[in-house]
Amino acid sequence: MAVERFPRADTAPRQDKGDAPSARPPRKPFSWAWVGVAPFFLFAFMFLFLPSVSIFLRSFESLDHTFTFQNILDIFQKSDIRNAYKLSLQISTVTAIGGAFFGFLLAYAVCMGGLPKGARSFLLTFSGVASNFAGVPLAFAFVATMGNAGLVTRIIEGSTGVDIHAGGFTIYNFWGLSIVYMYFQFPLMVLIMAPALDGLRREWREACENLGGGTYHYWRYIAFPILMPTLLGTAILLFGNAFGAYATAYAFTGSFLNLVTIVIGAQIQGDVLYNPGLGNAMALGMIVIMSLCMLVYIWSQRRAARWVR
Amino acid sequence: MAFLDINHASKAFGEMSAVHDFDLHVEKGELVSFLGPSGCGKTTTLRMVAGFEMPTNGTIVLNGKDITNQSPNERDVGMVFQAYALFPNMTVGDNVGFGLKIAKKTKDEIAQRVQEMLSLIKMPELGDRYPYQLSGGQQQRVALARALAIQPQVLLLDEPLSALDAKIRVELRYEIRRIQQQLRITTIYVTHDQEEALTLSDRVVVMNAGRIEQIGPPFELYNFPTTPFVASFVGTLNQLRCKIMDAAAGRLSLDGQEFRTTSPVVAGRGGDALVMLRPEELHLGSQEGANHLKGIVESVAFLGSVVRIHVKLGSSIVTLDALNERNLKLPKTGESLVVSFPPHGCWVMAGE
Amino acid sequence: MRRFPIWSWVWLLIGLAYFFIPLASTLEFSLRMIKGRYTFEAYRVAFQDPRFYQSFGYSLLWAVLTIIISLLLVVPTAYWVQLKLPKVRPYVEFVTLMPFVVPAVVLTFGLVRTYGHPPLVLTTTPAALIVGYVVLSLPYMYRSVDSGLRAVDIRTLTEAAQSLGAGWGTIMKDVIFPNLRVALLSGVFLTFAIVMGEFTFAALMGWPAFGPYIEEIGAMRAYTPQAVSVMSFLITWGSIMLIQWVGRGGRGEVQISGAR
């Protein structure tokens, strides 16, 4: 509107598409909105972005403060670093798959498995609690369960006479920690899958039956394909969850299991690697892996949303 | 025995009876509508035919075979759902061919039948689209094609047009009828929209509170309803409480004004007769041989092809529908006028 | 009609067993301080330790500070994004995803390096710790407030109020906050639960919070750590119950948190 633009040229630097529905002319209040969100972004810049940049930059810093790729290479070349990543990736994969599998079955059981309605809300509430009960107290809870003087240990010993710790068996290892991780992994799966299962409309099942299909056909051609993006996305979420866990691992297995997070934690408390640059590189490696997880998760969410409209 | 027999079917959910003693015999190739308000049991009955509900009493026999206890995937019926229920993860083509895939037909057979169906619903190039890329009307057509692809003996439609805009509804209504007649497929159509039921059906089953009120062709239901519910549910209806002057001669009086009817006169409660009169039977002005009543215009609404005038006759207000004409002079509110209707245009019903 | 859902019951029972056995074990363990009988001795010992109250008090204080800062950051942002700046939304959501991408350990690493040296030294004060807590709570706080705003269609409500002549003060007080109460409380309780149980930031930055305290006594003693774990669990459970209770009648969106 050329006629309009002339007098307004100085007050309308650009088209305010973000404003309320009607095409009101931009006025002062518009700038208040930016003031409103500025603190948030300032905080994010200072305390998320800058530290991340610092990690990134110092990954390339050698012991004598010159630029180097060696730290990054060390991740692949130094066997103990490589093993740390391998271990972390392993435990993340195992608990992601286990948590996804078991969590899905549980969600299915209470949503569509013919159980009374109360079971569902009870399970969801408890999953909400369990998925938040992580870290140190959880580790101790499992010590009290399966440790040397644990309840389950004593029950087994009392009923079968077998001391499961006799032959050097210990729960303070990879598999023991996996079991502990599962405590917050599969509730998370339940919490995300339950609404997804609810989204499976009854009519789809009925249409399938009407066209001659049975349970197999329904799950193979309709339900699983529809659920797959959510399943995958949540599994990735579980993976990232386990990968980034520190407190639980530290409290349960201490430094016995050389997970990436444990190593980085040790590095913070004392320069155990004798190479700050390497520490940064390991942290950077974590960021990269978590970012990949996030990307897959976002992709899966988009995919899932597209179909179920 | 007809093609599809629903014999005295009932369905109760615990204490509540949703359908009671539903008895219907559908001929091959017929389109029968179940018409009624929400909760009248029409969808429940349809679902019994489809197999999603089991009747508590009664049997369902299709083409001589008792299917009452068969599971839905064994029956030879095709169903179109109100919410389309297209599988969102499959293309249109895959949706339509799904039933054939389950029946283990060859790829070529499936492809050919899918093409046939898509042509039938006039969407031949949309086979590769996904449901979320289609409009509501298109999705419903695909749902129809999907149900027909398996060549069922009976087609069931559960309020298929309720979720669509008015204009699409009218278009699609004719499409469905056209396809049904072309394929000569026995069809049951559930709706709460009486215009739909009247337009499409060979016969209509009017239901209320789980029971059948009346079964018949649209013309019969409209002009010769057997119960007050059917009379008032189907179409607009004037119900006038009149004094009986002479039952044998058919003379009645509405607030002092006398008129005649050729229908048998039956007294309701309190000795009055309930006279039913369709709006289109009333005319403005006098006519030879007709009944004449004087009244005052309450309101005039111009509906396009019809002009709807509310006239106060004594203490009652009647609705009069006149066909629009370009040189029609619309009466004004408060104007007094004479309305006329033929003696055979009204009938007397026993009261509630 | 339908077969008895035996497998559903099996999975449910296994799931419930998995949840409850560790809890029961912890409780049982915590009652066995004195040989031969069940007693609350471990709890008594725990309550006698002055460091218990100290660390709990610190965590409580820091939780409150975290909640305040988090609210101040999130609420105006969520509000303005909904109302005036929808284009900014993707950036805000990106920021709320960052805490997942930069886990606590990694963030601590970066924070210590960036703010452990001049020009801006924060690590000698609890500020760095609180910063970490705020970052941790951001996603949940934002998600909570955002869905709360969306659920009440804040834009339409604001416009309706404006057309009836209300000023911004009235709008904030009588329209926005009452409708947001549930969402805000959910975010608050969850943040509280998270901070009280947090270990990583506090331990690695060397602050005497409740989390490190539990770990410390766990390394040194028996029975008392389990007693404190039971208490920690009750705090978490209580917070979630409170969230459910204030959110009753509305859409029950269960809040999820991650591993720590």
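Read the figures in this text as sums done on the coordinates, not as results from a lab. Keep in mind it's a predicted model, so treat the numbers as computed, not measured. Positions of Cβ are backbone-derived with ideal geometry, glycine not excepted, and every protein chain shown enters the neighbour counts.
Here are a few things to note about the model shown:
- Our compactness index for the stretch C:39-246, the C-alpha radius of gyration over the empirical 2.2 N^0.38 Å, is 1.19.
- Net charge dipole size for the protein assembly as shown [Lys, Arg +1 and Asp, Glu -1 on Cβ; Debye, nearest 20]: 1200 debye
- Per-pair calculated FRET efficiency, R0 = 25 Å: B:Glu220 and B:Gln257 via Cβ, rounded to 0.05: 0.25
- The alpha carbon centroids of the stretch A:131-159 and the stretch A:44-70 are separated by 41 Å.
- Members of B:Lys28/B:Lys65; B:Lys42/B:Lys104; B:Lys42/B:Lys105 lying beyond 25 Å, as alpha-carbon distances in this model show: B:Lys42/B:Lys104; B:Lys42/B:Lys105
- Relative contact order for the stretch C:39-246, counting Cα pairs under 8 Å that sit 6 or more residues apart, in percent: 31 percent
- Residues considered: C:Ala202, C:Ala127, C:Ala193. Largest GNM mean-square fluctuation over chain C, using C-alpha springs under 10 Å, is found at C:Ala127.
- Of the residues B:Met276, A:Met286, the one with the fewest other Cβ atoms within 10 Å heads the list, and the complete ranking is B:Met276, A:Met286.
- For the options A:Phe133, A:Phe239, A:Phe122, a Gaussian network treatment of chain A with springs between C-alpha atoms closer than 10 Å singles out A:Phe122 as fluctuating the most.
- Against the rule of thumb 2.2 N^0.38 Å, how large the Cα Rg of the stretch A:46-196 comes out: 1.45
- When only Cα pairs below 8 angstrom with a gap of at least 6 residues are kept, chain B shows a relative contact order of 15 percent.
- GNM remark for chain A: springs join alpha carbons under 10 Å apart, and the peak mean-square fluctuation among A:Ile287, A:Ile298, A:Ile155 falls on A:Ile155.
- Rough spin-label spacing in nm, given labels placed 7 Å along Cα→Cβ, for B:Gln181 and A:Thr93: 6.6 nm
- Between helix C:89-101 and chain C: long-axis angle, C-alpha atoms, 0 to 90°, nearest 10: 10 degrees
- Positive-pole candidate from B:His292, B:Gln194, B:Val318, dipole of chain B, charges at beta carbon: B:Gln194
- Summarising the amide proton neighbourhood of B:Glu213: residues at separation of 5 or more, or on other chains, whose placed amide H is nearer than 5 Å comprise B:Val206, B:Met207, B:Asn208.
- Within the shell defined by Cβ-Cβ distances under 14 Å, the residues around B:Met90 carry a net charge of +3, with Lys and Arg each +1 and Asp and Glu each -1.
- For chain A, calculated [θ]222 nm from helices alone, where every DSSP H run of n ≥ 4 adds -39500 (n - 2.57): -23000 deg cm²/dmol
- Taking a point 7 Å out from the Cα of B:Leu303 in the direction of its Cβ, the residues of the stretch B:230-246 whose backbone N falls within less than 14 Å of it are B:233-238.
- Net charge dipole size for chain A [Lys, Arg +1 and Asp, Glu -1 on Cβ; Debye, nearest 20]: 1180 debye
- Computed on chain A, the Cα convex hull volume stands at 252 Å³ per residue.
- Kirkwood-based Rg to Rh ratio, the protein assembly as shown, C-alpha trace: 1.09
- For chain A, averaging the sequence separation of C-alpha pairs within contact (under 8 Å, six or more residues apart) and dividing by the residue count gives a relative contact order of 27 percent.
- For the stretch C:39-246, the residue among C:Met231, C:Phe40, C:Thr125 whose Cα projects farthest onto the positive side of the dipole built from Cβ charges is C:Thr125.
- With a cut-off of 13 Å on the backbone N, the residues of the stretch B:166-209 near the modelled label site 7 Å out from B:Lys122 along Cα-Cβ are B:168-179.
- Check: chain B dipole with +1 on Lys, Arg Cβ and -1 on Asp, Glu Cβ, in debye: 440 debye
- Working note: 222 nm ellipticity from helices only, DSSP H runs with n ≥ 4, each -39,500 (n - 2.57), summed and divided by the residues of chain C, gives -24500 deg cm²/dmol to the nearest 500.
- Inter-chain Cβ neighbour average for residues C:192-200, partner chain, 10 Å: 4
- Centre separation in Å (Cα based) which lies between the stretch C:36-84 and the stretch A:257-309: 27 Å
- Cα centroid of the stretch B:47-117 to Cα centroid of the stretch C:191-244, whole Å: 57 Å
- The simple Förster model, with R0 at 56 Å and r as the Cβ-Cβ distance, assigns B:Ser232 and B:Lys104 a FRET efficiency of 0.60.
- Cα shape, the stretch A:117-241, gyration tensor, a/c 1.5 rule: prolate
- Extreme residue, positive dipole direction of the stretch B:197-352, given options B:Val206, B:Leu240, B:Asn223 (C-beta unit charges): B:Leu240
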